[in-house]
Amino acid sequence: MNQEQFIQDKVRTALEALYGASGANLPIQVQATRKEFEGDVTLVVFPLLKTSRKSPEATAQEIGEWLNANVQEVESFNVVKGFLNIRMAASFWKEVYDGIVSYRDFGHLPASGKTVMVEYSSPNTNKPLHLGHIRNILLGWSVSRLLEENGHKVIKTNIVNDRGIHICKSMIAWKKAGNGVTPESSGKKGDHLVGDFYVKFNDLYKAEVAELEAKGMSKEEAEENAPILQEARQMLVKWEQGDKETVELWKMMNSWVYAGFDETYKALGVGFDRVYYESQTYLHGKSLVEEGLRKGVFERAEDGSVWCDLTSDGLDRKLLLRKDGTSVYITQDLGTAVERFTEYNLDEHVYVVGNEQNYHFQVLKLILKKLGFAWADSIYHLSYGMVELPEGKMKSREGTVVDADDLLEKMYNTARETSLELGKLADMSPQEQDELFRTLSLGALKYFIIKVDPKKTMLFDPKESIDFNGNTGPFIQYTHARICSILRKAAEAGYKAAVHESVVFNDKEISIIKLLNQYPQKVAEAGTALSPALIANYAYDLAKEFNQYYHDVSILKEEDALLRDARLSLISTIASVLVKAMDILGIRLPERM
């Protein structure tokens, strides 16, 4: 039950009784009472002064007195200038709690009829996934789940950047220094192996640049004319021309990377409904460029390159095709966007991409609008901050990234060490322990990353993330396990969670019910903001409330059987809502720890 809506309805009745005013369009503004004031719901009186023809204080006082006398769910009220603060009675909150318990899909909002596509991950096939990708993937997955809970049909999608100069760099380096090595012969995951050759290319490139500089070239000239870079560019042209040898090498090395990516996605517990490949969509983008040329939206330069002049819109000129006819990132994005909106009749499209691409998406939307696609305004760039380490930023070309697979292994080992130190796993089999360590490590990683507002740059500290105290995933997981332990002991004693009509909840219990009742609103707010961080921090607040409650009251030892059973019901509901909230984040809550 929504207390704001309840009071709004009662105030409408009060206005008719007091002032003869009626109608659905009365300017009744109700909101949650601010923390510094006493009350649950606040009525803003100022819009009602034309109706009452009295001062704000007198109007608030009269409405408060009427509600207190005629609505049993109103316990008390106070007036602060033009604001009427209303405190709801315990009977109201008990009715609210009954509704929470009886509604199986509590927190899941009604179907909206909207179809939303969420694109995330979007890796390049020249390197393995790293910590930066992990933030993208976990954010994309949880945003998708959040939108599903908001009643939308969601299509989770991935675009694999499997072509381009960066791919050719790994291919050239493998040809020059690979000696025919494969994942099987090296014992390495395919994405790691190909990533090694991307780093190797950079080493060879630097050596050639230094050699050219030693022969008298400027640094800029040397960087532009290094032979290995020229070979990579020539290879890209050959690929787009369908050269058999080049395409076969490209297929082989990409297949290695795909297999490696799939392992990492599985370990993270994420997936996609649809996977696109740039190699299959860029031609559509090139055809759009030709269409734009015909319409006069784009222009061809003297060297053959194609541009879109956005200077009149306050932006720059944007390259769409290079002089050799090869496409750039935005060419592919144009084609993919049109393909998706056409195929799925999307209402919205959310791109989960780092904030370094803010300008790119500003340009993408503008070009699509110039091409005549009205749905361009339905594109939303969920821009997120980078993940940094205590030692600074990561650089793929220099091999200084935190590899996703290495990080997952490190998190597992940290979870294992931390759990074993607590010494409570003696009755668990090795298989059960292994499953617990994986659950805790993923919970720690996902929560630590998702709890930060997407727009903020974040500093990742693996050790801090797995602390069993504080705002962490393991703290919430441990809270759930503790509740499950209490409920198991209750079941063994023959107790049953239930709330009898005669039970009266105390103030602490009512505060928990209020927090539980906020969950659907939090889901809606987080869905609108595309911020799973709101759900993460709500779950933390709820876990904290339970732990304080458990410290302050007796549950299993409560002598009043009806009160004991009501408290068992309350903590069971806390556990249920924690499971719902953390499921949005892709985090499992164990029943034993």
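The values are calculated or read from the model by the stated rules, or taken from the named source; none is laboratory data. Because the structure is a prediction, the values reported are computed rather than measured. All Cβ positions, glycine included, derive from the backbone under ideal geometry; neighbour counts span all protein chains shown. Heavy atoms of the whole protein, side chains included, go into the accessibility calculation; ligands, DNA and RNA do not. Shrake-Rupley method; radii C 1.70, N 1.55, O 1.52, S 1.80 Å.
Where nothing but the Cβ of Lys and Arg (+1) and of Asp and Glu (-1) is charged, how large is the charge dipole of the range 239-354 around its Cα centre, in debye to the nearest 20?
Dipole of the range 239-354, to the nearest 20 debye: 60 debye.
If we count every other residue with Cβ under 9 angstrom of R87's Cβ, Lys/Arg +1 and Asp/Glu -1, where does the sum land?
Numbers: positive: none; negative: E38, D40, E75.
Neighbourhood net charge equals -3.
In Å³ and rounded to a whole number, note down the convex hull volume per residue for the Cα atoms of the range 391-550.
Cα convex hull per residue, to the nearest whole number: 154 Å³.
For R34, R135, what's the largest-to-smallest order of accessible area, 1.4 Å probe? Mind dumping the intermediate values first?
Working: R34 140, R135 5 Å².
Solvent-accessible surface, decreasing: R34, R135.
Give the ranking of S55, S305, S22 by solvent-accessible surface, highest area first, calculated with a 1.4 Å probe.
Details: S55 55, S305 5, S22 80 Å².
From most exposed to least exposed: S22, S55, S305.
Could you look at the chain and say what percent of its accessible area is carbon and sulfur, using a 1.4 Å probe and all protein chains? Please list the in-between numbers first.
Working: 13120 of 27440 Å².
The C+S portion of the solvent-accessible surface of the chain is 48 percent.
Along the Cα-to-Cβ line of K295, 7 Å from the Cα, sits a label point; which residues in the range 352-378 have backbone N less than 18 Å from it?
From the range 352-378, the list is 362-378.
If you take the beta carbon distance between D541 and E339 as r and set R0 to 41 Å, what does 1/(1 + (r/R0)^6) give as a FRET efficiency, to the nearest 0.05?
Once the sixth-power term is evaluated, E becomes 0.45.
Which of the aspartates and glutamates could be linked to K54 by a straight reach, that is with a Cα gap under 12 Å, when you skip same-chain ones fewer than 8 residues away?
The qualifying aspartates and glutamates are E62.
How big is the Cα convex hull of the range 464-593 in projection, averaged over all directions, in nm²?
Over every viewing direction, the Cα hull of the range 464-593 projects on average to 8.2 nm².
Hey, got the dipole for the chain? About the Cα centre, +1 on K and R Cβ, -1 on D and E Cβ, debye to the nearest 20?
The dipole magnitude comes to about 480 debye.
Can you give the Kirkwood hydrodynamic radius for the range 165-234, in Å, rounded to one decimal and based on Cα pairs?
Result for the range 165-234, one decimal place: 12.7 Å.
Restricting things to alpha carbons, find the Rg to Rh ratio for the range 174-328 using the Kirkwood radius for Rh. Don't jump to the answer; show the numbers that get you there.
Details: Rg = 19.6 Å, Rh = 18.9 Å.
Here Rg/Rh amounts to 1.04.
Assuming R0 = 22 Å, can you tell me the calculated FRET efficiency for the pair M428 and Q548, based on Cβ-Cβ distance, to the nearest 0.05?
The calculated FRET efficiency here is 0.20.
Quick one: work out Rg over Rh on the C-alpha atoms of the range 11-99, Rh as Kirkwood radius.
Rg divided by Rh gives 0.97.
Would you kindly state how much longer the chain becomes between R12 and Y329 on full extension, computed as 0.36 nm times their sequence separation minus their alpha carbon distance, in nm to one decimal?
That works out to 108.5 nm of additional length.
What are the radius of gyration and Dmax of the range 402-478, computed over its Cα atoms and given in Å?
Values for the range 402-478 (Cα only, Rg and Dmax): 12.8, 44 Å.
Obtain the nm distance between the two label points defined at R592 and H500 by a simple spin-label model: each point lies 7 Å from its Cα along the Cα-to-C-beta direction.
3.3 nm
Would you mind checking the tilt of helix 131-149 against the longest principal axis of the Cα atoms of the chain, expressed as 0 to 90 degrees and rounded to 10?
So the inclination is approximately 40 degrees.
Measuring with a 1.4 Å probe in the full set of protein chains, what accessible area per residue, in whole Å², belongs to the chain?
46 Å²
Among residues other than L15 whose Cβ falls under 15 Å from its Cβ, what is the net charge (Lys/Arg +1, Asp/Glu -1)?
Numbers: positive: K10, R12, K50, R53, K54; negative: D9, E16, E62, E65.
Summing Lys and Arg as +1 and Asp and Glu as -1 gives +1.
What GluC sites (Glu not before Pro) does the range 342-392 have in DSSP loop regions with at most 15 other beta carbons within 10 Å?
Here the GluC sites (Glu not before Pro) that fit, given the DSSP loop and packing criteria, are E391.
Using a 7 Å offset from the Cα along the Cα-to-Cβ direction at both E409 and Q241, what is the distance between the two label points in nm, to one decimal?
Placing both labels 7 Å along Cα→Cβ, they lie 4.3 nm apart.
From the cross-link list K35/K522; K286/K318; K200/K410, which pairs have alpha carbons spaced over 21 Å apart?
Too far apart for the 21 Å limit: K200/K410.
Towards the positive end of the charge dipole of the range 85-240, with charges on Cβ (+1 Lys, Arg; -1 Asp, Glu), say which of V237, S112, S170 has the farthest Cα.
Going by the Cα projections, it comes out as S112.
Run the reach check for K206 against aspartates and glutamates, Cα to Cα strictly under 20 Å, same-chain hits fewer than 8 apart removed. What comes back?
Filter leaves D196, E220, E221, E223, E224, E231, E398.
Determine, from the Cβ-Cβ distance of A69 and R34 and an R0 of 22 Å, the FRET efficiency 1/(1 + (r/R0)^6), rounded to the nearest 0.05. Before the final figure, lay out each step's value.
Numbers: r = 26 Å, r/R0 = 1.16.
Computed FRET efficiency for A69 and R34 comes out at 0.30.
Put +1 on the Cβ of every Lys and Arg and -1 on every Asp and Glu Cβ in the range 538-593; which of L578, I555, L568 then has its Cα farthest towards the positive end of the dipole?
L578
For the chain, what size does the Cα cloud have along each of its three principal axes, sorted from largest down, in whole Å?
Extents along the principal axes, in whole Å: 92, 67, 42.
Add -39500 (n - 2.57) for each DSSP H run of 4 or more in the chain, then divide by its residues: what number comes out at 222 nm, to the nearest 500 deg cm²/dmol?
-18500 deg cm²/dmol
Run the paramagnetic zone check for D507: 7 angstrom along Cα to Cβ, then residues of the range 38-52 with backbone nitrogen under 15 Å.
The answer is 38-40.
Using protein chains only and a probe of 1.4 angstrom, how many square angstrom of H192 are accessible, to the nearest 10?
Accessible surface of H192 is approximately 40 Å².
Please list 44-54, 100-110 highest first by mean number of surrounding beta-carbon atoms within 10 Å per residue.
Ranked by mean Cβ neighbours within 10 Å, highest first: 44-54, 100-110.
Determine the alpha carbon to alpha carbon distance for each of K238/K369; K153/K446; K215/K251; K424/K557; K153/K251; K244/K370 and list only those over 28 Å.
Long pairs (Cα-Cα over 28 Å): K238/K369; K215/K251; K153/K251; K244/K370.
Just to confirm a number: summing +1 for Lys and Arg and -1 for Asp and Glu over residues other than F373 whose beta-carbon lies under 15 angstrom from that of F373, what do you get? Don't skip to the answer; put the middle values down first.
On the way: positive: K295, R340, K365, K369, K370; negative: E291, D333, E339, E343, D347, E348, D377.
Overall, the nearby charge balance is -2.
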